[in-house]
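The values are calculated or read from the model by the stated rules, or taken from the named source; none is laboratory data. None of the values given here were measured: they were computed from a predicted structure. Here Cβ is always computed from backbone atoms with ideal geometry, including for glycine, and neighbour counts include all displayed protein chains. Side chains included, ligands, DNA and RNA excluded: accessible areas come from the protein's heavy atoms. Shrake-Rupley method; radii C 1.70, N 1.55, O 1.52, S 1.80 Å.
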Amino acid sequence: MKPLLLIDVDGPLNPYAAKPQRRPEGYTTHRMRPTGWTGAESAKPLRVWLNHGHGAELLALAEAYELVWATTWKDEANEWIGPHLGLPRLPFIDWPVMHGRAPRGTFWKTQYILEYAGARPFAWIDDDITAMDREYVGRQHPVHALLMRVDERIGLTRADFDALRDWAARGSGEDRSQQPGGLRDELVVPGAGR
């Protein structure tokens, strides 16, 4: 069974924190009104920057991974994001509670990521991953995981896609307790925090 690739939208695919007056190179601007984006938040539609090349990169990774949306967009990522990137409908994590309490100082998504993954290896790309999340996953998850924090000002880069491809190519059962130098990803080895 393939490892999961759990994909956040805002940050990795939409570098929302880039300078607002300067669209990042390679990205196009889209205006969207997903559920929850109401006139009370802004009279304007939500600005989303997407790099269409990311769709091809993710489709190439689908040979090694099962792609899953791990975003607050939930299934709406299939309507608003996926078509712009040329992605098919993907499964999504239906968060039971969003932005709620989380164990041991972790990001609120982390506990649900582990529930969704079960005993499967996974790579998770998100802009809110911290050392607390890595430690928690290392203690709680029975197999290897790759937690890749992506800078929300930059989004996914060539090095990130290469790291994801390399991690999957090495297989998910071997010991990868050493982090490759210079990459923004973090390897999590089960039991390392015990």
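Quick notes on this one:
- Residues satisfying the stated conditions in segment 5-23, i.e. surrounded by 14 or more Cβ atoms within 10 Å (Cβ to Cβ) and either farther than 17 Å from Ile129 by Cα or β-branched (Val, Ile, Thr) (or both): Ile7, Val9, Ala18, Arg23
- Checked against (1) touching a residue at least 24 places away in the same chain (Cβ under 8 Å); (2) among the polar types (S, T, N, Q); (3) outside any loop (DSSP other than H, G, I, E, B), Asn78 passes all but a single condition, namely (1).
- The residues in segment 10-35 that are assigned to a loop (DSSP other than H, G, I, E, B), under 24 Å from Leu67 (Cα atoms) and at pLDDT 90 or above can be counted, and the count is 7.
- Hey, Thr71 under 27 Å from Ala131 (Cα atoms), hydroxyl-bearing (Ser, Thr, Tyr) and free of Cβ contacts under 8 Å to residues at least 40 places away in the same chain or not: no
- Taken over segment 96-132, residues that are part of a loop (DSSP other than H, G, I, E, B), open to solvent by less than 30 Å² (accessible area, probe 1.4 Å) and of a type in the set (A, V, I, L, M, F, W, C) amount to 2.
- Qualifying residue in segment 141-161 (condition: at pLDDT 95 or above, surrounded by fewer than 18 Cβ atoms within 10 Å (Cβ to Cβ), assigned to a helix (DSSP H, G or I) and not hydrophobic (A, V, I, L, M, F, W, C)): yes
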